[in-house]
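The values are calculated or read from the model by the stated rules, or taken from the named source; none is laboratory data. It should be emphasised that the depicted structure is a prediction, and the values quoted were computed from it without experimental measurement. Because the Cβ atoms are built from the backbone with ideal geometry, glycine has one as well, and the counts that use them run over all protein chains shown. These area figures cover heavy atoms from the full protein model, side chains too; ligands, DNA and RNA do not enter into them. Shrake-Rupley method; radii C 1.70, N 1.55, O 1.52, S 1.80 Å.
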Amino acid sequence: MDPKPQKMPKVAKVKNKAPAEIQITAEQLLREAKERDLEIQPPPPKQKISDKDELADYQLRKRKAFEDELRKNRSVITNWIKYAKWEESQKELQRARSIFERALDVDHRNITLWLKYTEMEMRNRQINHARNLWDRAVTILPRANQFWYKYQYMEEMVGNIAGSRQVFERWMEWEPDEQAWQTYINFELRYKEIDRAREIYERFVMVHPEAKHWIKYARFEEQHAFIVSARNVYQRAVEFYGDDDMDERLYIAFARFEENQREHDRARAIYKYALEHIPKERAQELYKNYTIHEKKYGDRTGIEDVIVSKRKFQYEEEVKANPSNYDAWFDYLRLVESEGNPDIIRETYERAIANVPPTKEKTYWRRYIYLWVNYALFEELEMEDEERTRQVYKACLQLLPHKSFTFSKMWLYYANFEIRNKNLAMARKYLGMAIGLCPKDKLFRGYIDLEIQLREFDRCRILYQKFLEFGPENCITWMRFAELETLLGDQERARAIYELAINQPRLDMPELLWKAYIDFEVGQEQTENARQLYERLLERTSHVKVWMSFAQFELQSAGEEGNVERSRGVYDRANNTLRLAMEKDERVLLLEAWREFEAEYGDDESREKLKTKLPKRIKRRQRVQAEDGSDAGWEEFYDYLFPEDEASKPNLKLLAAAKAWKQKQMEGSSSEAESDVAGPSGILAAARAWKENQSEDGESSGQLPADIDRDDASESGSEEESEKSDQEMEQEKESEETREVQKT
């Protein structure tokens with residue numbers, strides 16, 4: 001019979017493949033298993049051994065299992081330790097020792113293995129076995145400190161103090177770390193062996209020569225009341241380190257020791273010695289402790305010394321970080337000068353002036369130059385050393401780059417120094433050298449003032465001539481030269497100087513020069529000369545202040561009757577001139593001054609006449625354009641309408657219309673015709689023709705042609721529409737055309 005064919009299992013078809021509403025993650029499954037302790041194996045049942053055969057069978061099975069584990073992996077030390085511990089639990093110490101020895105053959109450098117082996121021997125009170133193991137361990141691994149600690153501890157616990165000390169001595173031969181030495185010292189102190197502890201400290205500080213170990217040694221002596229020995233330890237430590245490797249902690253501890261012994265002078269000397277020899281950046285705590293000591297036990301002078309020392313340290317740090325910080329140098333020098341040590345002050349000045357600015361720009365030299373000034377003043381005033389002061393000035397003048405710039409004050413200071421020392425020739429020599437190398441206004445003025453004080457007026461004249469050759473546009477120089485001649489009584493020379501000055505093509509402040517010249521003539525009671533000067537000045541400028549000054553001059557210079565009329569005439573001339581120049585603001589100032597003049601000196605007729613000239617203040621608007629040329633709206637401003645200008649407007653309208661007609665006629669004409677019409681007669685003829693055409697057509701004389709701008713045509717209503725900006729533009733056109741006609 002054929003075997004029946006095996007049926008394939010049916011695959012379950014999932015009808016709903018949508019994800020479940022509640023998703024379960026692998027993390028959740030593991031967490032639930034942990035919470036329910038599903039993976040914890042139940043403990044094996046306890047087995048009770050009732051006879052020796054069962055025990056032997058149990059031991060055989062366990063040993064076989066341990067040996068199988070060791071054969072699988074001999075390098076796993078934990079298996080050996082578990083095996084040995086089990087044998088120990090079975091009271092089979094020989095077997096346990098054998099297992100440990102076999103393990104040591106596998107890895108004799110395993111510290112844990114040695115510790116477990118010796119601990120087993122000590123637990124079972126096998127002291128000799130343990131001692132032998134410790135000897136073997138420290139021989140094989142002498143740098144394992146645990147062996148030495150436990151070996152010594154075991155010997156001490158069993159009361160073998162000599163053996164423990166012998167272990168320490170063997171350990172110290174290997175020069176271990178500081179904790180081992182400290183343990184040995186504490187061991188000796190527990191048994192009151194002070195001398196032995198001192199000997200250990202002596203060896204300790206030589207093996208580990210650090211400041212903290214010397215401090216511990218000294219404190220050990222201090223705690224046991226050996227004050228002299230403690231001081232000797234500190235002194236030996238200071239000598240041991242010397243000046244090359246000084247530690248501030250050692251000196252702080254030494255000073256505090258002396259402070260505790262009430263030796264405050266010793267403590268102060270220690271602090272000062274340390275501050276002088278230890279670099280400043282490593283002496284922060286030293287400064288702090290010194291300050292506290294002085295505040296406790298010092299006087300006012302000592303406290304000030306501490307503060308000064310601290311500030312010196314701060315300034316040293318600043319100038320070291322930035323040698324070009326001249327403000328820090330100034331503060332440092334001021335502090336050093338307060339101490340009064342000349343050698344230190346000079347050394348500090350030399351260090352400061354050695355930091356020359358790296359660039360030849362005067363901005364960077366402005367603070368630096370005062371280091372030289374202060375240095376020279378210190379040598380002259382404090383040290384009274386004339387030759388050294390002269391050397392300082394000369395060195396400074398040689399250092400300055402005179403081709404790029406100079407400092408006039410240094411030349412003048414040096415000259416004054418030589419004069420104070422009655423060396424006039426040297427002072428003049430160096431001032432002349434300064435003017436030749438780098439002429440400056442301040443140098444000339446200082447040299448001239450010096451010669452004036454010496455009453456050398458001929459030299460002053462020569463210097464003024466050189467000064468004016470150097471800067472002929474300097475009005476102050478011309479004025480002072482003329483004032484000098486005036487004081488010397490030479491009016492003609494002073495007048496000639498003023499004439500030369502006002503004829504210069506370029507002046508920096510001509511108004512001061514003209515005023516000085518006029519005041520000179522007034523002071524000399526030369527009224528006519530002063531009046532001519534005003535007339536000459538008005539030919540060059542028509543400034544309102546000049547007119548007002550001229551009017552005041554006329555008011556104060558003439559007789560009782562003539563001064564008012566002359567002054568009024570000046571005001572009238574000024575008004576006409578400013579009206580033609582279209583200077584409204586200056587004209588308003590002039591009329592205000594004129595009104596005050598008439599209120600004080602005028603009569604009713606003159607006041608009424610002036611009222612017809614006073615302007616009317618109105619508010620106008622004008623367009624404002626932005627920077628890009630777009631329209632930015634309107635702005636309001638105040639303007640003045642003068643009655644005299646309003647009366648001349650019809651004529652201006654006529655001229656504007658004539659100009660427009662002339663331009664229209666010139667478009668189709670030839671160049672010769674253009675030249676004929678372009679003249680003044682052409683303009684008047686065009687205006688006359690336009691007026692005749694308008695009268696023939698029966699139109700009013702105020703109406704303009706159609707091609708003329710409508711804004712010009714609406715000018716007749718300017719008083720009602722004064723706010724519009726087009727009207728202002730029309731007035732400017734009319735004023736320009738008026739000036740053209742007047743010139744014609």
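Just a few scattered comments:
- Residues that are part of a loop (DSSP other than H, G, I, E, B) and free of Cβ contacts under 8 Å to residues at least 12 places away in the same chain were ranked within the range 376-393; the one that is most open to solvent (accessible area, probe 1.4 Å) is 384.
- Filter result (over 22 Å from residue 467 (Cα atoms) and among the hydroxyl-bearing types (Ser, Thr, Tyr)) within the range 377-431: 389, 393
- If you check 187, 147 for being closer than 30 Å to residue 260 by Cα and of a type in the set (Phe, Trp, Tyr), only one passes: 187.
- Test result for residue 510, touching a residue at least 12 places away in the same chain (Cβ under 8 Å) and not β-branched (Val, Ile, Thr): yes
- Residue 179 being more than 30 Å from residue 293 (Cβ to Cβ), open to solvent by 60 Å² or more (accessible area, probe 1.4 Å) and within 57 Å of the chain's Cα centre (by Cα): yes
- Of residues in the range 589-625 being among the acidic types (Asp, Glu) and in a helix (DSSP H, G or I), the one surrounded by the most Cβ atoms within 10 Å (Cβ to Cβ): 598
- Test for residue 363: is it β-branched (Val, Ile, Thr), open to solvent by 90 Å² or more (accessible area, probe 1.4 Å) and assigned to a helix (DSSP H, G or I): yes
- Flag for residue 570 being surrounded by 15 or more Cβ atoms within 10 Å (Cβ to Cβ) and under 15 Å from residue 550 (Cα atoms): yes
- Residues in the range 230-246 that are open to solvent by 40 Å² or more (accessible area, probe 1.4 Å) and either in a loop (DSSP other than H, G, I, E, B) or touching an Asp or Glu at 6+ places or on another chain (Cβ under 6 Å) (or both): 243, 244, 245.
- Among the conditions (1) in contact with a helix residue (DSSP H, G or I) (Cβ under 9 Å, 6 or more places away or on another chain); (2) under 29 Å from residue 341 (Cα atoms), residue 402 misses just one, which is (2).
- The residue that is most open to solvent (accessible area, probe 1.4 Å), counting only those in the range 91-119 that are part of a helix (DSSP H, G or I) and acidic (Asp, Glu), is 105.
- Candidate set from the range 465-487 (those that are within 20 Å of residue 507 (Cα to Cα) and among the polar types (S, T, N, Q)); member that is most open to solvent (accessible area, probe 1.4 Å): 465
- Just one of the listed residues (452, 462) is of a type in the set (A, V, I, L, M), part of a helix (DSSP H, G or I) and open to solvent by 60 Å² or more (accessible area, probe 1.4 Å), and it is 462.
- The sole residue among 469, 473 that is more than 30 Å from residue 578 (Cβ to Cβ) and either within 52 Å of the chain's Cα centre (by Cα) or without any contact (Cβ under 8 Å) to a residue 40 or more places away in the chain (or both) is 469.
- Restricting 221, 285, 258 to those that are assigned to a helix (DSSP H, G or I) and either at pLDDT below 85 or surrounded by fewer than 18 Cβ atoms within 10 Å (Cβ to Cβ) (or both) reduces the list to 285.
- Among residues of the range 261-282, those that are assigned to a loop (DSSP other than H, G, I, E, B) and open to solvent by less than 20 Å² (accessible area, probe 1.4 Å), counted: 1
- Contact map, the range 482-497: residues that are modelled with pLDDT of 80 or more paired with residues that are open to solvent by 50 Å² or more (accessible area, probe 1.4 Å) and part of a helix (DSSP H, G or I), Cβ distance under 6 Å, separation 6+ or inter-chain. Pairs shown: 485/493.
- On inspection, residue 530 qualifies as without any contact (Cβ under 8 Å) to a residue 40 or more places away in the chain, small (Gly, Ala, Ser) and closer than 30 Å to residue 585 by Cβ.
- Within the range 492-514, the residues that satisfy the criterion of being assigned to a helix (DSSP H, G or I), open to solvent by 60 Å² or more (accessible area, probe 1.4 Å) and touching a helix residue (DSSP H, G or I) at 6+ places or on another chain (Cβ under 8 Å) are 493, 500, 512.
- Residue that is over 30 Å from residue 643 (Cβ atoms) and either open to solvent by 40 Å² or more (accessible area, probe 1.4 Å) or not hydrophobic (A, V, I, L, M, F, W, C) (or both), where the choices are 557, 549: 557
Yes/no matrix, rows are residues, columns are (1) aliphatic (A, V, I, L, M); (2) assigned to a loop (DSSP other than H, G, I, E, B); (3) surrounded by fewer than 16 Cβ atoms within 10 Å (Cβ to Cβ):
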position	(1), (2), (3)
315	no, no, no
320	no, no, yes
323	no, yes, yes
332	no, no, no
337	no, no, no
349	no, no, no
355	no, yes, no
371	yes, no, no
374	no, no, no
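- The set of residues in the range 401-432 being closer than 19 Å to residue 377 by Cα, without any contact (Cβ under 8 Å) to a residue 40 or more places away in the chain, open to solvent by less than 10 Å² (accessible area, probe 1.4 Å) and not aromatic (Phe, Trp, Tyr) consists of 408, 415, 418, 427.
- Taking residues in the range 156-181 that are at positive phi and at pLDDT below 90, and partners anywhere that are open to solvent by less than 50 Å² (accessible area, probe 1.4 Å) and in a helix (DSSP H, G or I), the pairs with Cβ atoms closer than 6 Å and at least 6 places apart or on different chains are 175/207.
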